[in-house]
Structures are given as C-alpha cells and as structure tokens.
Amino acid sequence: MFTGNVTRTVLPNGLTLLIQREASAPVLAVVTHVRAGYFDEPDEWVGIAHVLEHMFFKGTARRGPGDLARETQLLGGYLNASTIYDKTVYYTVLPSGPGALARAVDIQSDALMSSALDQGELSKELEVVIQEAKRKLDNPPAVAGETLYQLLFQVHPMRRWRIGTEEGLRRLSAADLRAYYGSRYTPERVIVGLVGDLDPEGALELATRVYGAWTLPSQAIPGSPPEPDGRRPAIEVLHGDIQRPLAVVGWRTVAELHPDTPALDIAATVLGSGRASWLSRFVRTPGLAAAASASHYTPTEVGVFDLALQSDEALLDQAVERTLQLTEHLATVGPDEPELFRVRSLIAVRWSRAFETMDGRASALCEFEALGGYRLADEIFQRAMQVSADDVRRVARTYLRPDGVSAVMYLPKGKSTRFGQPGGWPPDQGTADLPVGSPAGPAWADGKVRSGGDRKRRGEVVHLALDGIDFLVQPKRGAGLVSLGLLIPGMREEEDASTAGVSWLLARSALRGVRGMNAEELALAAESLGGSIGATAGLEALGWSITVPTANLSKAARLLRAVALEATLDPQEVAIERGLQAADAARVRDDMFRYPLQRVLGVAYPGDPYGLPPLGEPDNIRALDDARLRSWRDRLHGRRAVAVAVGDLEPEQLLEELSYLNDWPGRESGTPSLRVAFRAGREVDTRDKAQSALAMAFSAAPAATGRRFAIEVLADFLSGLAGRLFQVLREERALAYTVMASPWLQQRAGVVFAYIATSPDRESEARDAMLQVLDDVARGKVSEEEVERARTYAAGAVALRRQTAAAITGEILSAWVDGLLDELSDLPQRLRAVTVDDVVREARQIFDTDLRAEFVVRGAKRTTTDG
C-alpha cells in the first residue's frame, strides 16, 4: 500500500523522523510538519500561526532574509509552506543528487530551530500578510466558507476568521511570535518527513545528527474549548460586488478519527465527486447550478460537511432546495452498489495520485503520523473501501439533519433570497422526485488489435503515426496509473469574435451524451474506471483526458473515442450547457487573478483568438446556435488527432491498449495563421474590491524559437520566492502578497506577464516599482549569481513537474503542437546553458515599458453583511 518501507524514528528530544525511499522520480522532499495551527492560537493572537509561517523565510542566525529561498533555488528546487487549523507545514522539493539531501535538511532545520524573528522584518511582513487578508476578502468562496464556520461553531476556534484582521495583525510583535514559537515549535510537536530518491540509512544518520541537537522544553498548551452540544440552524446573507451568487450549506460533524468519518467521507463523494455524483446529475446537469460540490473536512478535532453551489439569482434558491432534498434522499434511500463501486474507484485513484509526488507522499505520511501513526494512511484507506450503503444512510440520518443545517448566501448587491426572510431557514425539504439507483453502464466488448506502422523513438517518447492519428506514449513508473489525452490541435485558433467559446461549448456538450449512453451513463462508465473525463479547449488543442489505473486504459480509450466521435449534441442538453457556460464566463470577472490576465490579452490582441475570452462573452455564448456547434463538430471530425498516454506500462502495451483509436476518421492538419501583431494599451475596470489587481503583458517570442530558453530563465529570475520582483516588491517594500512574472509562449506569438495585487491606494506605487524592476533588468543590472540560481531552478523544475503522469502528458502535447517533441529530453541542458547576456538580451527586447498592454481591476471597498 502507501506505507511500505517507511522508517520511523523518535529522537531522544521527542522529534519524529519518517523516511521512505521512492525512486519513481529523481526528486527529494523534506517536509517539516508542526502540530500547531489556528486552533493553537489564543484569541488575542488570531493569525499568529500564519504570520510565523511567513517569518520562517525571513532569516536565521546564520542566514539573512531571502537566503533560504535563494539557496534552495540554487539547488534546482523550491520551498514553501502552508498554515491551516491543526498544523503548519514547511516543505522543500528539489532534484536528487550528491549532497542535495544534506543541503535541503540544513536549510529546513536552520529555519525550524534558529528563526531570527526580527522586529523590523516582522513589521514589513505584516504588511504582506495584510495584503493576503485583503486578497481573501475578494475571494467569494473563501468568504462564504469561513462565514459558514462562524455559524456552525459558537466557541471553538474554528469559528474565527483564520487569517486574522488588519487591526489584530498590526498588534502582533516579535515578542509575541517568540512566545508562540517557544511554546508551540518544540521537538515533540514536530514531524520531519524525508521522501524520495534517497539512501534511507544515510538519511536517518543525517537527520538524527542535525535534529537531535535541538533542545527546547515542551510546554503545556491549552486545548480548544469543547463545542456545546445542540443543533441550531442559522443563515447569513452577504452582499458584494460579484457577478453570480453562491451558497454554502453545512453541518457540524465529527473529528478525523471518529468511526463515522469514513462513511461521511463516502457520503460527500456520492453527493459531489464527478459527473455521476448526485449534485452533478440532479443539480448541475439540469442547469440549476453552474458548479456544485460536496466535502467532509475534518481538521483533527472537529468536522464540517458542506455543499457549495454557484448559480444564477433566479435559480439559486431552487438549487439549494434541491441540494437539501438530496441529503434527505441520501438518508432514506442511499447509494446502490454500482454507485459505491464508482466511489471506491474514484477514491482509489485519488489516493494514488496524492502519493504520486514526493512532497505529496511526505506530507501525507506526516499528517497521518500526527493523527496517531503513519500506518493510518493504509488503515483509513481500507476503512473507506469497506463503507456500506447502510453506513452512508446511517450517518446521513445522524448528522445531515434539517435541525442542524446552516447556510451562507453570497449575493450581488441589491439581490435577495427567500431563505433570508424571517422563518425562511431552514426550508421545508419535502420530497424530491429523484430516480433510485445508478444508470446502466456500457457492455465492454473486446476489440483490441496490434497497431501497425513504424514506431519512432523521439527521446523518451515513442511515436506511432497512422492515417488519421498520431500516438505519443511514454512509460512512467510508480503509481500504477495512466494519463490519457485525445486531442485535436488548433481548433480554438479558428475562432473569431462571433464564435469565441464554441470550442469550449463543444468540448463540454460532448460529455452530455454519446451514442448508446446519456450523460449519467457516460459519467458512471468513466468514474467506475477510477477517473473523470475532463474537457479542454486551450489554444493548443481541443479534446478530452482521463487518468485511470493501467488495467482500465483500453476502456478509457473507448470512452474518449465515443465522446469525440459519437456525441449526440441533443439540443435540449446543449441549451442547458450553453447557459452554464455563459454563467461561467460571467463569473470569471469575480476572479481577481484570472480575470485581469485574461483581459490584458484582449488589450494586446484585440479580435484575435489570442485575445478572445476562452469561454466567450456571455451574450455571444447564448447566441451560438445548434447549427454552428454541429458545424464545429464536423470540422473536428475532419482533423487529424493526437493521443498521448503516459503511465505504468511499456510502450507496446500502451499502444495496444489505445488501438481502439486507430480508425480516427480525420486527415486534415490545421494550418497556423500568420503571426499576430502586439498592441499596446490600457484598460481599467473599477470594482468594489479590497485590492487592485494589475496585469501587464509584454511582447515576446513565439514558442518554437531558440529564445524560449532564455525567456523561461528570465521569468524564473523575476518570479518566485527568490525572484527579483518578489524581493523588491514584496520583501523590501511590502506592496503585495501576490506578485509574479510568467511566460505565455504560443505558436504565433508570445508574451511575458507581470502581475501584482495591492491596496488600491498603492496602485501607482506598485506599477512604478514593477516597471522599475523590469527596466533595471533590461539595462543589464543582473548578476551572474542571480542568473545561475534562475537557470538551475528552471532546469530542476523540469524534473519536479515530471513526477506525475498527467503533467508529462501535458508537456508532451505542448511540445508536439509546437513542433518541439525531439527537444524535450534536452530541455534541462538547454536551460542550464542560458547566460547572463541571453537573459539581458531578452529583457531588453521584451521590457519596453512604453510598449506594454495593461489591465487593471481597480478596487474600492469591501464586502458587507446583513442578516
């Protein structure tokens, strides 16, 4: 299972070491798990756990601020951290190699045991955390979710706004942090996980020597106050500057290790995971909500079961009502055996994917160790697999009751809900006219053949070209999974202003039924294999993908073929999907990261597919008729396809399992358009938001040029915890929490993005500071040391992202579309060869600050609440 060959050692000081060799990728992870989070904060220090996490990177007795990130980048890796209710986790991920583990352990242990906690650095970092808090206020799902916790808990710390308020954060001092650190960051509360391509004996000797020297006495920490018994339904209605409303409905449940937790986890999967889930079948598919999900969240000592919906104003109340009816249906009827088989299949693959990366594996092992022992990873998985329909019905009756349900409705300004009226909550659920049982699955007939044709090895990829389709396959050992994509290159490149979004509409609508299977039957067939079919319509290709256990690859290939070639495109089903896509397109405006980056491309490439919104404009999507969609489908069928499969099989086995795709009918290859001109310009969208988000785009080279390597290194020079933008705008000037630069290189053109989100009153300062940094780089104010770090990290990142089959599948597709497949194996070497002159030359060509596209979401205010 998941815990084989783990070595567990408890040092004399109480610190726990977990070591596991996993050589499926040349990667190492060092994870430091501290059993201290938001639950461990007294009320006067709300947010201090998260502030201390930030200060972890701000210097030690031996290292100055930023040195931890810079040293890690020089090893080709990255470090980061996260704080949540029951823990704070720090992780370093890097390529394996001589001395790599010792350096990573030295960096992590130094920060853990010798953090400087300097008052001057704290004062600057508090401004960054306050920006992060403001960013959260502009995130509607985050606001709704934490407001739900306030309703569900009266005294437990779960009720608190976990990141803290601006007023409370400003009161924190270095003395407060030292007191919190000295009482919570003690050896017996720390678990260190070392996982990856390592020597276990050497790793144990190293970790014992380094961490064994740490002495800090343990202290008694008051536990969380017990939440009083009793159920109390409650509702809160929020209003804000949002495009589409959302609702979160929830119940208080039980702790992580409670015997009922596995059944509640399964109940959430039945309701909300996959297109065959109940929320998808009875809420999303009929068009009541554009998005619907369920989760059971158990941070150690408490539990919350929640259902989240995003809908239109006219349908949100009905969607909430239907959702509550489904929970009643779960308690009275429950899932049938095919449904439980679907759920077990999904969970098995979900767990395998969680352990596919080294940091994912190390984090999971540490988390289970903190709960009571790392072997719980295997035990809890087995408990989930053994849950019965009776168990699901019982926990639904016990916990998901109308007398304990609370809800948060987040609405656009001026809108209302009947549930917010006196006596309106909870509603009378009544009974729902819902079918009992799962839809029928397909009858799988055997039809595999050996694919003819010449195999060509292109680096690690094996290429087989048939009349209508190219197969690209690569083995990836370790997880027992295969990721498969069936894609048709270039479709979105042919959209114009009147058809923008049609590729996405086709990709989405195809999942609403194929010949012989309706949407529910198709979803059940896929999810019973362990995967959900995902649709994509990027600039590179339109298509569908799935990740399944290796034994199910041939069936997965048949399903993707049916979706691509046999979609029914029923007019009623398409009409519903058209409405949902229009709602999703409108909702993009609520995303303070995605929206400005999308719109700045519209400024740079007006009217071109590169500048058109991928989902289309809402009104245009509603105007796309069935004839246009079917014409687009016919065009797709005439095109040559590519199938990419990466997983735990030999190349010939992969090709044999994909042979159901051999008869792809298309022959035509899309012809890329001429290069597109970049235009400078600026647009502003003023909103009632806590932050202003500023996106810039600068013209760069297309993907298929030799300049792309220097552009990649340039972006890594600027971005990330060790990057120049991060150092100047965040570390030195505390202008933002989020600041980054990123390349966007396509077939016909490329750009480099620069992004920052800051307080509205500092927008001009942030713009000027960002432009100054970019101008400095263009003027050659770049050191060999900085470029060495950036190119080493860029090369190391190749190994890090190739830990999963799905990531490799995406990389192969991009290389194929751009004509760069033969260069994939040389990518790390080409990145390491980038020089200072190369970086400065690219910066000089790209960062003409007068020739830039810019889009600003200009914030003004914040969310308000009313009862």
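The table below gives the values:
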item: Residue 226 vs. criteria open to solvent by 20 Å² or more (accessible area, probe 1.4 Å), closer than 26 Å to residue 153 by Cα and modelled with pLDDT of 95 or more; result: no
item: Test result for residue 561, touching a Gly at 6+ places or on another chain (Cβ under 8 Å) and crowded, with 19+ Cβ neighbours inside 10 Å; result: no
item: Segment 248-286, residues that are open to solvent by 10 Å² or more (accessible area, probe 1.4 Å), of a type in the set (A, V, I, L, M, F, W, C) and in a loop (DSSP other than H, G, I, E, B); result: 254, 255, 257
item: Only listed residue being out of contact with any strand residue (DSSP E or B) (no Cβ under 9 Å at 6 or more places or on another chain) and in a helix (DSSP H, G or I), chosen from 362, 331; result: 331
item: Single unsatisfied condition, residue 805 versus (1) open to solvent by 10 Å² or more (accessible area, probe 1.4 Å); (2) at negative phi; (3) out of contact with any helix residue (DSSP H, G or I) (no Cβ under 8 Å at 6 or more places or on another chain); result: (1)
item: Count - residues of segment 673-720 that are in a strand (DSSP E or B), open to solvent by 30 Å² or more (accessible area, probe 1.4 Å) and polar (S, T, N, Q); result: 2
item: Output for segment 208-217, where each listed residue is within 21 Å of residue 18 (Cα to Cα) and either open to solvent by less than 60 Å² (accessible area, probe 1.4 Å) or part of a loop (DSSP other than H, G, I, E, B) (or both); result: 208, 210, 211, 212, 213, 214, 215, 216
item: Residues located in segment 280-307, provided they are under 30 Å from residue 223 (Cβ atoms) and not hydroxyl-bearing (Ser, Thr, Tyr); result: 294, 296, 299, 301, 302, 303, 304, 305, 306, 307
item: Filtered residue count, segment 533-578, keeping only those that are at pLDDT 95 or above and either among the acidic types (Asp, Glu) or in a helix (DSSP H, G or I) (or both); result: 26
item: Test: residue in segment 821-840 that is surrounded by fewer than 19 Cβ atoms within 10 Å (Cβ to Cβ), touching a Lys or Arg at 6+ places or on another chain (Cβ under 7 Å), modelled with pLDDT of 95 or more and farther than 30 Å from residue 134 by Cα; result: yes
item: Residue selected from segment 287-328 under the condition acidic (Asp, Glu) and in a helix (DSSP H, G or I), by the criterion farthest from residue 394 (Cα to Cα); result: 313
item: Subset of segment 569-597 [out of contact with any Lys or Arg (no Cβ under 9 Å at 6 or more places or on another chain) and open to solvent by less than 10 Å² (accessible area, probe 1.4 Å)]; result: 596
item: Failed item, numbered, when residue 63 is tested on (1) farther than 17 Å from residue 795 by Cβ; (2) crowded, with 22+ Cβ neighbours inside 10 Å; result: (2)
item: Among residues of segment 644-659, those that are part of a helix (DSSP H, G or I) and buried (at least 19 other Cβ atoms within 10 Å of the Cβ), counted; result: 4
item: Residues of segment 150-174 that turn out to be over 18 Å from residue 308 (Cα atoms), open to solvent by 30 Å² or more (accessible area, probe 1.4 Å) and not basic (Lys, Arg), as a count; result: 7
item: Subset tally (residues that are in a loop (DSSP other than H, G, I, E, B) and buried (at least 21 other Cβ atoms within 10 Å of the Cβ)) for segment 615-643; result: 3
item: Candidates 92, 83, 88 - the one that is within 26 Å of residue 791 (Cα to Cα) and of a type in the set (S, T, N, Q); result: 92
item: Matching residues in segment 319-358 - criterion: being open to solvent by less than 30 Å² (accessible area, probe 1.4 Å) and charged (D, E, K, R); result: 339, 342, 356
item: Qualifying residue in segment 175-190 (condition: on the phi < 0 side of the Ramachandran plot, open to solvent by less than 10 Å² (accessible area, probe 1.4 Å) and within 28 Å of the chain's Cα centre (by Cα)); result: yes
item: Any chance residue 739 is touching a Leu at 6+ places or on another chain (Cβ under 7 Å), without any contact (Cβ under 8 Å) to a residue 40 or more places away in the chain and buried (at least 24 other Cβ atoms within 10 Å of the Cβ); result: yes
item: Among residues of segment 223-275, those that are at positive phi and free of Cβ contacts under 8 Å to residues at least 60 places away in the same chain, counted; result: 1
item: Search result, residues across segment 721-735 that are within 24 Å of the chain's Cα centre (by Cα) and surrounded by fewer than 20 Cβ atoms within 10 Å (Cβ to Cβ); result: 721
item: Condition met for residue 147 (open to solvent by less than 30 Å² (accessible area, probe 1.4 Å), hydroxyl-bearing (Ser, Thr, Tyr) and touching a strand residue (DSSP E or B) at 6+ places or on another chain (Cβ under 9 Å)); result: yes
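The values are calculated or read from the model by the stated rules, or taken from the named source; none is laboratory data. Every value quoted in this text rests on a predicted model; they were computed, and no experiment measured them. Note: ideal-geometry Cβ built from the backbone for every residue, glycine included; neighbour counts use all protein chains shown. The area values use the complete protein model at the heavy-atom level, side chains included, leaving out ligands, DNA and RNA. Shrake-Rupley method; radii C 1.70, N 1.55, O 1.52, S 1.80 Å.
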